[in-house]
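To start, the structure itself, in structure tokens.
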Amino acid sequence: MPIKVLLLILLLPCLTATAQQRHSDTADDLLEHLPLVTNVALKLCGVKSSTADSWEYGANVLGSYAVAAGITWGLKHSIHEWRPDHSDNKSFPSGHSTFAFAGAHALQKEYGQVSPWIAVGGYAVATGVAVDRVVKDRHHWYDVCTGAVIGIATTELVYHVTGKLFPHGHTTVACTGNQLSLHITF
């Protein structure tokens, strides 16, 4: 358990450092990652997630983030939509909304069965981030809506793909004498 707490303690300052390096909308920069951090914190604290296998869990949660980031980055660098405050032409889609909703949807998929309030909290934070981005004139309403769709859709896609890649059966490894047997039940 101490290693899990250590990992969590190390993760939070990394997010703060990331927020301070970019154009600082500090609250948004931290809150966009809160659903992901909550997801990881619940797993590290031993709360039972819907994905029992740690490798599949990591592929689902982190893969959702990675695919969402790739799609968002590609769109931002090919569409060149100006922000409402005219600070740059990387407005479409909202990366903050994409990450917040990807994390919230993964939180719902992993811990929605534990309590629906976990999912409600994740989506509330994501919605708050999206609304705040529009209120602060950093994005148009369609930037944040598209970011939300990308976050949720990529999470669904990644969960679907990892569901095909990882067997969902019971795996038993037995060693008797000089024989090793592997039994997988689907």
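So residue 51 clears everything in (1) surrounded by 19 or more Cβ atoms within 10 Å (Cβ to Cβ); (2) at pLDDT 90 or above; (3) in contact with a helix residue (DSSP H, G or I) (Cβ under 6 Å, 6 or more places away or on another chain) except one condition, right? Which one?
Going through the list (1) surrounded by 19 or more Cβ atoms within 10 Å (Cβ to Cβ); (2) at pLDDT 90 or above; (3) in contact with a helix residue (DSSP H, G or I) (Cβ under 6 Å, 6 or more places away or on another chain), residue 51 breaks only (2).
Quick check on this structure: which one of 63, 70, 58 is closer than 20 Å to residue 143 by Cβ, of a type in the set (Gly, Ala, Ser) and in a helix (DSSP H, G or I)?
The unique qualifying residue is 70.
Name the residues in segment 132-149 that are open to solvent by less than 20 Å² (accessible area, probe 1.4 Å) and hydrophobic (A, V, I, L, M, F, W, C), would you?
144, 148
Say whether the condition of being of a type outside the set (Gly, Ala, Ser) and surrounded by fewer than 15 Cβ atoms within 10 Å (Cβ to Cβ) is met by at least one residue in segment 57-72.
no
Residue 92 fails exactly one of the following numbered conditions: (1) modelled with pLDDT of 90 or more; (2) part of a helix (DSSP H, G or I); (3) closer than 21 Å to residue 153 by Cβ. What is the number of that condition?
Going through the list (1) modelled with pLDDT of 90 or more; (2) part of a helix (DSSP H, G or I); (3) closer than 21 Å to residue 153 by Cβ, residue 92 breaks only (2).
List pairs: first residue in segment 61-76 and on the phi > 0 side of the Ramachandran plot, second residue surrounded by 19 or more Cβ atoms within 10 Å (Cβ to Cβ) anywhere in the structure, Cβ distance under 9 angstrom, at least six positions apart or on different chains.
That search, which allows pairs on different chains as well, returns nothing.
So in segment 84-100, with the set limited to residues that are open to solvent by 20 Å² or more (accessible area, probe 1.4 Å) and free of Cβ contacts under 8 Å to residues at least 60 places away in the same chain, which one is nearest to residue 121 (Cα to Cα)?
Taking the candidates together, the pick is 92.
Looking at this structure, is residue 118 touching a Phe, Trp or Tyr at 6+ places or on another chain (Cβ under 8 Å), modelled with pLDDT under 95, aliphatic (A, V, I, L, M) and within 19 Å of residue 30 (Cα to Cα)?
Answer is yes for this residue.
The values are calculated or read from the model by the stated rules, or taken from the named source; none is laboratory data. None of these values were measured; they are calculated from a predicted model. Cβ coordinates were reconstructed from backbone atoms using ideal geometry, including for glycine residues, and neighbour counts include every protein chain displayed. Accessible surface areas use protein heavy atoms only, side chains included; no ligands, DNA or RNA. Shrake-Rupley method; radii C 1.70, N 1.55, O 1.52, S 1.80 Å.
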